[in-house]
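Before any comments, here is the structure.
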Amino acid sequence: MSRNTQKSNSPLRFLIWGYIVWSLVPVMIAVIFSFNDGRSRTVWQGFSFRWWWQDPNSSVFQNAEMRNAIVNSLVLAISTLLIVTPLGIALAIGSQRIRGRSEKFVQGLTSTPLITPEIVVGAALLLTFTRLFTAIPLGFAAQLLGNVTFSLASVVVIVRARLVSIGASFEEAARDLGATRWQALRFVLLPMLWPSVMASLVVVFATVIDDFVITSFLSAGVSSETVPLRIYSSVRGGATPALNALATLLVLTSFAVLIIGLFGLSTWRKRHGERGGLRAALADVTQINS
Amino acid sequence: MDTLHSGLTQTNLKNSPRLWAGLAIPGTVWLIALFAIPFYAVACIAFGTIDPIFRDAVPQWNPLSWNFVQARQIFSSLATGALQGVAIRTVVYVVSAVTLSFLIGFPIAYFLARHAGKRKLLLLVLIIVPFWVNYLMRMLAWVNLLSVDGLFTRFMRVFGVNYNWLDGSPITVILGLVYGYVPFLILPLYATLERLDWRLVDAARDLGANSRQAFRLVTLPMSKAGLVAAGILIALPMFGDYYTNDLLSRSPSTEMIGNQIDFFLNASSQPQNGALLVLALSIFLLFFMSFYLRSTRQQSKQVTR
């Protein structure tokens, strides 16, 4: 029976591998061309690290503008994390437990940004910062507020899923043993939320470091140019393979964070006797329950 | 006794509104200030006036004095005038790209959920990878391949195809959208199919349905809500996309509504027109968004039940 189904699905098997090749090979070629010795991003002229660090002016690690973009990206991503994590955890707990009329309002308000197209959020914030909240200048400050706004909802969704799976019994036990509400929250619930916190850190970091639309709408020229903005503005020009190297660096950074996060998640799970492994950790960061 | 006891503590936990409200307040205030109010600001600018000297948009904060002159002009332009082409193109491109994404994504998600067997985790990881590769990097990859001396262009020339891919080609833009968004379709599709009770499909087969009938009469109706939600999930950002178009075409002949918004707000200084288009897009998408929110809420209710 099982051999039979496998046989009948061989076209699907072919399709899935074809898809994987189609989705990954172009990116791999772009990565390979970051090591091109010549100035072309399309014609191979031998292997070198010229565009990574050897060229004194235009390699990724030596070009002032590219370094500036890398620093801006990292600062923006980390600052966003510092604000959005506590804000999101508190909002997730609060919005799950308040009752009555405000419950629906708060839940609607937290889930809408998740599916609003970025261009709408970016445009609305641009108009707001230039005409209403004029105390906030375009550039880093506006980009930070924009990214926090856009990623807050994903933290709430991730943490809330964990809250549902934990349930109320642990806190109730703590209360029965004499803990105050705040103590039960602080010493019982919060430590148990850790996997969802780690997952949100990974997701938000990747979202912000990859973000183009909001960061671009709220930027103020070179001083607040991030890596995606730099890529966007030079793709269609006569940029050198240093651009490929810059994009590769961006991809490597989000993968490094993802791998650290997955590793951290599965270690935590093992140590605390929770079922899990790679698949559970993947489910945490993609929010797909399999 | 036991039920009485747990009933008491249950009310205890639910009954500390001040603590829970206190936790919800900072985030709620944040979203009101930087998500809800900005929408209001968009409306105030859209229905405001233009400064006669500086030609800049002057917001009208009082809804009672909103002026709809420019709005009428933009909306009629979208319906029948200069922007009609952009509006139609946006819908055509998005519908084609979503359809193609389903043709690619559904069989893959189906295979992954049902027949992947021992390789499932490996395949799942490989399919999640593009999720984590920056969108612009994936577009950059294709710009390199499709440029005049790019590998793909040269490869196609072997077969006598001499096509200028990156200069206003609708095919490139639609395929670019598919390439960009299909990973975001496969995962939710997979999650939907994975959750299905496949015993019902087996039952249909046992009762004499052939595989096509079982698919049409059992699998499809069971997964319909999830499929629609997944489709909406990629259609929403596609409707607001302008960068795919900008990177792969840069030609007015393939412009979508996102490009017009970007143009009015960033390239020229006509913020009122930009605000009006943002408003038009939001109203158009509101229907899809509320449908999506309603269907996911129902799903999560079913799960907790």
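What list do you get for A:Arg160, B:Arg212, A:Arg41 if you sort them by fewest beta carbons within 10 Å? Before the final figure, lay out each step's value.
Values: A:Arg160 22, B:Arg212 8, A:Arg41 26.
Taking fewest neighbouring Cβ atoms as first place, the list is B:Arg212, A:Arg160, A:Arg41.
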Calculated FRET efficiency for the pair A:Ala220/B:Ile32, C-beta based, R₀ 25 Å, to 0.05: 0.50
Positive-end residue of A:Ser216, A:Thr267, A:Ala242, charge dipole of the stretch A:197-290 with Cβ unit charges: A:Thr267
Other-chain or far-sequence residues with amide H under 5 Å of B:Thr49's (modelled H): B:Val58, B:Gln60
Shielding by partners - mean other protein chain Cβ count within 10 Å, residues of A:127-139: 5
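What value, in deg cm²/dmol to 500, does the helix sum -39500 (n - 2.57) over DSSP H runs of n ≥ 4 give at 222 nm once divided by the residues of chain B? Could you put the intermediate results ahead of the total?
Numbers: 15 runs with 218 residues, N = 305.
The per-residue figure over chain B is -23000 deg cm²/dmol.
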Other protein chain Cβ atoms within 10 Å, averaged over every residue that makes up A:29-42: 3
Non-local Lys pairs in the protein assembly as shown, i.e. 8 or more apart or on different chains, that have alpha carbons under 25 Å apart: 9
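Rounded to whole Å and ordered largest first, report the semi-axes of the equivalent ellipsoid of the stretch B:210-305 derived from its Cα gyration tensor (root of 5λ).
Details: eigenvalues 269, 65, 17 Å².
Over the Cα atoms of the stretch B:210-305, the ellipsoid semi-axes are 37, 18, 9 Å.
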GNM flexibility winner over chain A from A:Val106, A:Val203, A:Val25 (Cα, springs under 10 Å): A:Val25
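Ranked by Cβ crowding within 10 angstrom, fewest neighbours first, how are A:Val155, A:Val251, B:Val91 ordered?
Going from least to most buried by this count: B:Val91, A:Val251, A:Val155.
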Charge-dipole axis of the stretch B:83-304 as Lys and Arg at +1 and Asp and Glu at -1 on Cβ define it, positive-most pick from B:Leu220, B:Val182, B:Leu136: B:Leu220
Backbone N under 15 Å from the A:Leu252 label point (7 Å along Cα→Cβ), restricted to the stretch A:36-79: A:36, A:48-55, A:59-63, A:67, A:70-71
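Order B:200-208, A:255-263 from most to least packed using the mean count of other Cβ atoms within 10 Å. Provide the component values of the computation, followed by the final result.
Numbers: B:200-208: 12.8, A:255-263: 15.7.
Most protected by this proxy first, the peptides run A:255-263, B:200-208.
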Chain A: most fluctuating residue of A:Ala242, A:Ala179, A:Ala77 per GNM, C-alpha cutoff 10 Å: A:Ala179
B:Ser251 versus A:Gln54: modelled label distance in nm, points set 7 Å from Cα along the beta carbon direction: 3.9 nm
Intensity falloff of the protein assembly as shown expressed as log10 I(q)/I(0), Debye formula with alpha-carbon point scatterers, at q = 0.06, 0.09, 0.10 Å⁻¹: -0.34, -0.78, -0.97
Residue-by-residue Karplus 3J(HN,Hα) for the stretch A:163-170, coefficients 6.51, -1.76, 1.60, Hz, glycine and proline x: 4, 4, 6, 6, x, 9, 5, 5
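Please express the shape of the stretch A:97-181 as an equivalent ellipsoid: the semi-axes are the square roots of 5 times the eigenvalues of the C-alpha gyration tensor, given largest first in whole angstrom. Walk me through the intermediate numbers first.
Working: eigenvalues 254, 41, 32 Å².
Working from the Cα gyration tensor, I get semi-axes of 36, 14, 13 Å.
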Principal axis dimensions, chain B - Cα atoms, whole angstrom, descending: 76, 69, 34
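How large is the Kirkwood hydrodynamic radius of the stretch A:63-286, counting all unique pairs of alpha carbons, in Å?
Working: mean 1/r = 0.0522 Å⁻¹.
Its Kirkwood hydrodynamic radius stands at 19.2 Å.
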Theoretical gain in end-to-end length, A:Met28 to A:Leu177 [0.36 nm per residue, Cα-Cα removed]: 47.9 nm
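Taking the Cα centre of the protein assembly as shown as origin, sum charge times position over the Cβ atoms of Lys and Arg (+1) and Asp and Glu (-1), and report the length of that vector in debye to the nearest 20. List each step's numbers first, then the result.
Details: 47 positive and 26 negative charges, 372 e Å.
It works out to roughly 1780 debye.
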Average beta-carbon neighbours from other chains, 10 Å sphere, peptide A:84-91: 4
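If Rh is defined by the Kirkwood formula over all Cα pairs and Rg also comes from Cα, what ratio Rg/Rh do you get for the stretch A:162-262?
On the way: Rg = 21.2 Å, Rh = 16.9 Å.
Ratio of gyration radius to Kirkwood radius for the stretch A:162-262: 1.25.
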³J(HN,Hα) computed for each position of the stretch A:185-191 - Karplus, 6.51 cos²θ - 1.76 cosθ + 1.60, integer Hz, glycine/proline x: 5, 6, 9, 10, 6, 4, x
Where labels lie 7 Å past Cα in the beta-carbon direction, separation of B:Ile53 and B:Val161 in nm: 5.9 nm
Phi to ³J(HN,Hα) by Karplus 6.51 cos²θ - 1.76 cosθ + 1.60 over the stretch B:257-266, Hz, x for Gly, Pro: 4, x, 5, 5, 4, 4, 5, 5, 8, 10
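Values in this text are rule-based calculations from the coordinates and carry no lab data. Nothing here was measured: the structure is a model prediction, and the numbers come from that model. When we count neighbours, we look across all protein chains shown, and the Cβ atoms used for this are built from the backbone with ideal geometry, even at glycine.
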